[in-house]
Amino acid sequence: MTTIAPRDQPLFTPDPLSNRSVSAKNLLIAVDDSNATARALQYVGTLLRETPSVAVTLFHVLNPMPRELMEHGGSENPDMEHQLGEQLRKDQQEWRHMEETLEYPILERALERLRNTGFPTERVTLKLGYAGDVVDTILDEVRSGGYGTLVVTRHGPPGAARLFSSSIADRLSRDLSGIALWVIE
C-alpha cells in the first residue's frame, strides 16, 4: 500500500456536516474495473501530475456481505447463542478476507493506470470500503477522510459496470455538500 506524502500548507475549508477540516488538495477517486474508471484515472493523473501538493486516495467498495452472514438464527440457550455469535463473526471475517483478496487487484490496476500518466505513486493511497450501500460508503469515506474533491464516473447501459451507474452519480451529487464532485463520463 502506498501512503500519502506530506503536503506543504494545504488549503483547508470546513466541512459543514462533520465540523472537520477538508483539504481541497486531497482527492478521493472511487474506482471499479471499468473503462470509464480508466478514463477518469487518465484525466486526473494527466491534469494533476505536476501539482506536487495533491494527494489521491483510490477507493473501491466491496460487494455487500451476503444476507446469511448478517445475523444468525439465534438460540434460547445462552451457550449456544454465544457459539453461534462466535461462528458468525468468524464467517464474516473469512468472507471479508476473501472479498479483499478478490477485489484488491482492482485497486492495484487503478494505481498502475494512474502511474502510467506520470502521477507520482508516493502521493497515492489505496483503500477498500465495506458496506451494503455504495453511496453511503463513499459519502462516509469522503466525510471522515478530509477530502476536498470526490471523483466518480457515470456509466452507460446496465451491466456495463457494477459500481457506478447514473443513479449513483446522481445520488452523490444530491447528497454531497461542501466537497467538489467531479463526475467523469
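The values are calculated or read from the model by the stated rules, or taken from the named source; none is laboratory data. Computed from a prediction, not measured in an experiment: that's the story for all the values here. We place every Cβ from the backbone using ideal geometry, glycine too, and count neighbours over all the protein chains shown.
Could you go through the stretch 93-104 and let me know if any residue there is crowded, with 18+ Cβ neighbours inside 10 Å, within 13 Å of the chain's Cα centre (by Cα), within 30 Å of W182 (Cβ to Cβ) and not small (G, A, S).
So in the stretch 93-104, the residues crowded, with 18+ Cβ neighbours inside 10 Å come out as none.
No, the stretch 93-104 contains no residue that is crowded, with 18+ Cβ neighbours inside 10 Å, within 13 Å of the chain's Cα centre (by Cα), within 30 Å of W182 (Cβ to Cβ) and not small (G, A, S).
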Checklist entry - Based on what the data block shows, is R7 of a type in the set (K, R), surrounded by 14 or more Cβ atoms within 10 Å (Cβ to Cβ), at pLDDT 95 or above and not in a strand (DSSP E or B)? => result no
Checklist entry - For residues in the stretch 131-152 being surrounded by fewer than 22 Cβ atoms within 10 Å (Cβ to Cβ) and touching a helix residue (DSSP H, G or I) at 6+ places or on another chain (Cβ under 7 Å), which is farthest from P52 (Cα to Cα)? => result A131
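Yes/no matrix, rows are residues, columns are (1) in a loop (DSSP other than H, G, I, E, B); (2) among the β-branched types (V, I, T); (3) out of contact with any Lys or Arg (no Cβ under 8 Å at 6 or more places or on another chain); (4) farther than 24 Å from A131 by Cβ:
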site: A40; (1), (2), (3), (4): no, no, yes, no
site: H82; (1), (2), (3), (4): no, no, yes, yes
site: E86; (1), (2), (3), (4): no, no, yes, no
site: K90; (1), (2), (3), (4): no, no, yes, no
site: T101; (1), (2), (3), (4): no, yes, yes, no
site: R109; (1), (2), (3), (4): no, no, yes, no
